[in-house]
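The values are calculated or read from the model by the stated rules, or taken from the named source; none is laboratory data. Since we're looking at a predicted model, the values are computed, not measured. Cβ: placed from backbone, ideal geometry, glycine included. Neighbour counts: every protein chain shown.
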Amino acid sequence: MHPANKEQLAALKAIAKALKIPFEKKELSEREKTIALYGIEMVSAIERAEKNISEGKVKTFDSSKSLEENLELWENTK
């Protein structure tokens with residue numbers, strides 16, 4: 001179960017205690033919290049982007065040039 005706030009957590013603990021059900025609270029890692037917040041697709045995309053950046057697999061955009069000129073530059077650097 002994933003209580004949304006402290007009140008819900010307290011209620012769940014009380015129910016578990018009344019029914020003598022063992023209750024264990026698991027702390028999520030930062031990555032798990034991020035996935036819960038944004039979804040696995042978004043987190044995976046960001047992780048791939050960070051990996052590409054660290055490996056130097058990036059393309060820069062020259063703001064003084066048009067989009068077409070930048071695309072042409074990118075095509076010529078392959």
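Within region 34-46, can one find any residue that is at pLDDT 95 or above and surrounded by fewer than 10 Cβ atoms within 10 Å (Cβ to Cβ)? Within region 34-46, one or more residues are at pLDDT 95 or above and surrounded by fewer than 10 Cβ atoms within 10 Å (Cβ to Cβ). Within region 47-69, restricting attention to residues that are at pLDDT 90 or above and of a type in the set (S, T, N, Q), the residue that is surrounded by the most Cβ atoms within 10 Å (Cβ to Cβ) is N52.
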